[in-house]
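Q: One structure, pasted below without further comment.
The values are calculated or read from the model by the stated rules, or taken from the named source; none is laboratory data. What you see is a predicted model, and the numbers here were worked out from it, not measured in a lab. Cβ placement follows ideal geometry from the backbone for every residue including glycine, while neighbour counts extend to all protein chains displayed.
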Amino acid sequence: MNPFFSIIIPVYRPGPFLRDCLDSVRNQTMTDWECICINDGSPDGSGAILDEYARKDARFTAIHQENRGVSAARNAGLSRARGTWTVFVDGDDSVEPDMLATLHDAALRTPEAALHCYGISKDFHTGGRLTRTETTLPSRDQYIPAEETGVFLRYLLTSLDMESSCNKLFRTELLEKNGLRFNASAVVFEDFQFVLDYLSACAPGISLVKKAFYHYRAREEENGAAKRSRFNLVQDIDALAAKFLAWTDTLSLPQEDVPVVKGYILQKINVIFHALQQQPYASRKAVFRDFLSSGLAARGADLRLCGPYFHLVCRLLAARRYRMAHLLLKTRHL
């Protein structure tokens, strides 16, 4: 008999936190689950720990593969998932012991929902010590019918962590029916691309659960812009914007919420330029060129909401006035 939940855990260099993660799954008060752990070529002995848990508890499965990235690891887990519902956990994070029991009750209480969203706590650590926690969660338990998603778009984008795949419960049958997988070529925002694919393909009713089950382990010393500057962000953000616009085009948005769409796109475009602040001019110039040839700059009709300042920057880039564009972007946001 298939389990009610499939938990998919990609593992790559989780450090000393892997056992905490696996124990938080093993200690669930509901026992009807399988946990598919994918060792993505981790060089730190994580594979042996996964094998140990699989030997001791048949609900754990350990898969070993060469390092191909978190998306490929999650996809390997999806190909083995047998549960009615699928949930994702990262190997250095943890979950509350009543997560599955509460989500089980929510799934039975709202059978029309095909996506369940719950809260997430970002636990910031410095030198291994917890320094602060930022929690994002729904204001109340609530069901949003598919046809009302547009009405709630502002709330979903501003009050929930919609970009993460780790604070959501997906119906496995719909993932398989629509052939949904993570974009293995993406290095950033691959989570939200997957979520948007699910929203677009399945048009689910959404259940909101007012509890922060998921604990994301963050580090105070991490510099997000510096980390992202190692990658060419244009391609991934271009794909994300296209999927986001395609999804929102299917919704009945209140006119006053249209700026939310504009704001989200501009926020992601700003990520590209913010990540370049510490880069040499040659690197900035190459990214400017990529941006100019991307859909972000070329999709004029879709980005009509972005306003004159955005289009001024695009015109400067088109004229190859890269230094002036960079100076403008340093003095103010889009």
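Q: Could you list, in sequence order, all residues of the stretch 181-202 that are more than 15 Å from residue 236 (Cα to Cα), surrounded by fewer than 18 Cβ atoms within 10 Å (Cβ to Cβ) and either in contact with a Cys (Cβ under 6 Å, 6 or more places away or on another chain) or among the hydrophobic types (A, V, I, L, M, F, W, C) (or both)?
A: Pass one, the stretch 181-202, residues more than 15 Å from residue 236 (Cα to Cα): 181, 198-202.
Restricting the remaining residues to those that are surrounded by fewer than 18 Cβ atoms within 10 Å (Cβ to Cβ) gives 181, 200-201.
If the condition is that a residue be more than 15 Å from residue 236 (Cα to Cα), surrounded by fewer than 18 Cβ atoms within 10 Å (Cβ to Cβ) and either in contact with a Cys (Cβ under 6 Å, 6 or more places away or on another chain) or among the hydrophobic types (A, V, I, L, M, F, W, C) (or both), then 201 is the only one that fits.
Q: Could you check how many residues of the stretch 3-35 are outside any helix (DSSP H, G or I) and closer than 24 Å to residue 72 by Cβ?
A: Of the residues in the stretch 3-35, 14 are outside any helix (DSSP H, G or I) and closer than 24 Å to residue 72 by Cβ.
Q: What residue, of 120, 206, is farther than 18 Å from residue 89 by Cβ, aliphatic (A, V, I, L, M), crowded, with 17+ Cβ neighbours inside 10 Å and in contact with a Leu (Cβ under 9 Å, 6 or more places away or on another chain)?
A: On inspection, the qualifying residue turns out to be 206.
Q: Contact list please: Cβ distance under 9 Å, first residue in the stretch 87-98 and more than 24 Å from residue 114 (Cα to Cα), second residue assigned to a loop (DSSP other than H, G, I, E, B) and among the hydrophobic types (A, V, I, L, M, F, W, C), pairs at least six apart or on different chains.
A: 93/166
Q: If I ask for residues that are acidic (Asp, Glu) and more than 23 Å from residue 215 (Cα to Cα), which ones from the stretch 58-96 would you list? Give the steps one after another, and end with the answer.
A: Filtering the stretch 58-96 down to residues acidic (Asp, Glu) leaves 66, 90, 92-93, 96.
Selection gives 66 alone.
Q: Let me ask something additional. Only one of these is surrounded by fewer than 15 Cβ atoms within 10 Å (Cβ to Cβ), touching a Pro at 6+ places or on another chain (Cβ under 8 Å) and either in contact (Cβ under 8 Å) with a residue 12 or more places away in the chain or at negative phi (or both): 112, 34, 52, 66. Name it.
A: 112
Q: Here is a further query. Could you please find all residues in the stretch 167-189 being in a loop (DSSP other than H, G, I, E, B), touching a Gly at 6+ places or on another chain (Cβ under 8 Å) and touching a residue at least 60 places away in the same chain (Cβ under 8 Å)?
A: 184, 187, listed by residue number.
Q: Go through 171, 154, 181 for me and flag whichever is within 15 Å of the chain's Cα centre (by Cα) and basic (Lys, Arg).
A: Exactly one residue qualifies, and that residue is 181.
Q: Out of (1) part of a strand (DSSP E or B); (2) among the hydroxyl-bearing types (Ser, Thr, Tyr); (3) without any contact (Cβ under 8 Å) to a residue 60 or more places away in the chain, the odd one out for residue 164 is which?
A: (1)
Q: May I pose another question? Those residues that are surrounded by fewer than 11 Cβ atoms within 10 Å (Cβ to Cβ) and touching a residue at least 24 places away in the same chain (Cβ under 8 Å), I need them from the stretch 123-143; list them, please.
A: 139, 140, listed by residue number.
Q: Another one. Among the residues of the stretch 10-25, are any touching a Phe, Trp or Tyr at 6+ places or on another chain (Cβ under 7 Å) and aliphatic (A, V, I, L, M)? Step through it out loud before you land on a result.
A: Within the stretch 10-25, the subset touching a Phe, Trp or Tyr at 6+ places or on another chain (Cβ under 7 Å) is 22.
Cutting the leftovers down to aliphatic (A, V, I, L, M) gives us 22.
The answer is yes, given that some residue of the stretch 10-25 is touching a Phe, Trp or Tyr at 6+ places or on another chain (Cβ under 7 Å) and aliphatic (A, V, I, L, M).
Q: While we're on this one: For residue 194, only one of the following conditions fails: (1) within 28 Å of residue 255 (Cα to Cα); (2) in a loop (DSSP other than H, G, I, E, B); (3) among the hydrophobic types (A, V, I, L, M, F, W, C); (4) at pLDDT 95 or above. What is its number?
A: So residue 194 meets the others, but not (2).
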